[in-house]
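Taking it in order: structure first as C-alpha cells, then the write-up.
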Amino acid sequence: MANHILTFALACGLSTLTGIAAGAFEPRPQAETTAVCDDLDDAPTDAFGFTDGAGIADLGRGSLGLTLGGNAGVREGRSLNRNAQLQGSYGLLPCLEISASLFGGTTRSMIARERLKDRSHGGSFETKYRLLNHRDHGLGLSLGLETGLERNDDRQSGRFSSYNTAFKLLADRIIIPGSLYGAVNVSHNLIWNGPEPYQRSATTAVGASLAWQFRPGLYLSGEVRHLRQQNSLGFGNHAGHATFVGPGIYWQATDELAISVAYNVQVAGHERGRDRPLDLMNFSRHLVQLDIGWSF
C-alpha cells in the first residue's frame, strides 16, 4: 500500500514540475500596449493628392514608390517639365521612418522665340517621426526632415548644383470613420543654388485636403495649396505666391499595390514687380502627378 502511495505522489510531483517547466518556456501573452504609429483606421498617406497624410511605415515594414510628374504653363511662351522619382521607405524604429530617393527630369521651353532645355538629376534622404495618433489624441501628427542634392544642366545657365533642406509638419484627422478624412501640411524648403556664391531662396507651402472613401479601397480627394517664394532662406524678400486647387483619386488595387493620380491648377497668385494675376515666373500653371506604390 505504501508503495502505491509513494508511486502516486511521485507521479503527481513529476506532472506538476513538467507543467511548471512547460509554462516557463511558453511565450506569455503580452499586455496590449498603445501603438502610437500603427493606426489601422488611418487613410492611406497618398489618398490626399499632393498633400500627404501623417501615416508612416510600420516597424520592420517597407515600401517602394515610383512618382511620375509634369508641370506646364509660363507667362510668355510655353514650357513643359517631365520628372520621375524612385523612393524606398522603411520603418527603422518605432514611430520612425527613413526614406531615400533618386530623381531626374527634363524641361523644354520656348520663351521669347528662344528654345531652352534643362536636365536635372539627384537624390534625397528623408526621416519622419510620428508624434500623435488618432486613438489617443484624435489626430495624427508627424514631423519630417528632408535633405537633397540636385545637379542641373541648363543650356542657358550652364551646369550648376542645388541643395535643399525641407522641414515638414504633417497632420490628418478622421472626420467620418471609414468614409471621410482630412489632412493638413505645412513645409518650409531652404534652397541653395550654385555655383558659388550660392543664391539662397525658400519655398513655403500650406495645404489642406479632404479624402472620401466612396468604395472600399477607392478614394476621391480635393485640395487647396498655397505656396510662397522668397529670395532668402527666411520669410522675407518675397518674390511671389500662388494658390492651387485640384482633385485626386487613389486606388488600393491589392494589399500591396496602390495607384494614385492628382492634378492641380493655379487659380490665384502674384509675381513681385508685375501687375498681373497669377505667378507664372516662380510656379507653373498646371501640375500633374502619378504615384505607384508597392508595400512589403
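The values are calculated or read from the model by the stated rules, or taken from the named source; none is laboratory data. The model shown is predicted, which means the values in this text are computed figures rather than measured ones. When we count neighbours, we look across all protein chains shown, and the Cβ atoms used for this are built from the backbone with ideal geometry, even at glycine.
When segment 125-168 is filtered for residues that are over 19 Å from residue 47 (Cβ atoms), crowded, with 18+ Cβ neighbours inside 10 Å and of a type in the set (S, T, N, Q), the ones remaining, listed by number, are 152, 162, 164.
Given the criterion within 19 Å of the chain's Cα centre (by Cα) and over 18 Å from residue 49 (Cα atoms), identify the matching residue among 271, 223, 256.
Testing whether each residue is within 19 Å of the chain's Cα centre (by Cα) and over 18 Å from residue 49 (Cα atoms) leaves just 256.
Among residues of segment 219-231 that are in contact (Cβ under 8 Å) with a residue 40 or more places away in the chain and closer than 17 Å to residue 184 by Cα, those with a beta-carbon under 6 Å from a residue that is of a type in the set (Val, Ile, Thr) and not in a strand (DSSP E or B) at least six positions away or on a different chain give the pairs 223/51.
Taking segment 199-296 as the region of interest, the strands (runs of 3 or more DSSP E) fully inside it that hold 3 or more residues being of a type outside the set (Val, Ile, Thr) and touching a His at 6+ places or on another chain (Cβ under 9 Å) are 199-215, 218-230, 238-252, 257-271. Among the residues making up segment 193-226, a single one is among the acidic types (Asp, Glu) and buried (at least 18 other Cβ atoms within 10 Å of the Cβ): 223.
Cβ separations smaller than 9 Å between residues 6+ apart or across chains give the following pairs from segment 70-89 residues that are among the basic types (Lys, Arg) to residues that are outside any strand (DSSP E or B): 75/274; 75/276; 75/279; 75/280; 75/281. For residue 119, the criteria (1) within 25 Å of residue 185 (Cα to Cα); (2) modelled with pLDDT of 90 or more hold in every case but one, which is (1). When segment 169-186 is filtered for residues that are crowded, with 18+ Cβ neighbours inside 10 Å and touching a residue at least 40 places away in the same chain (Cβ under 8 Å), the ones remaining, listed by number, are 170, 171, 172, 174, 181, 183, 184, 185.
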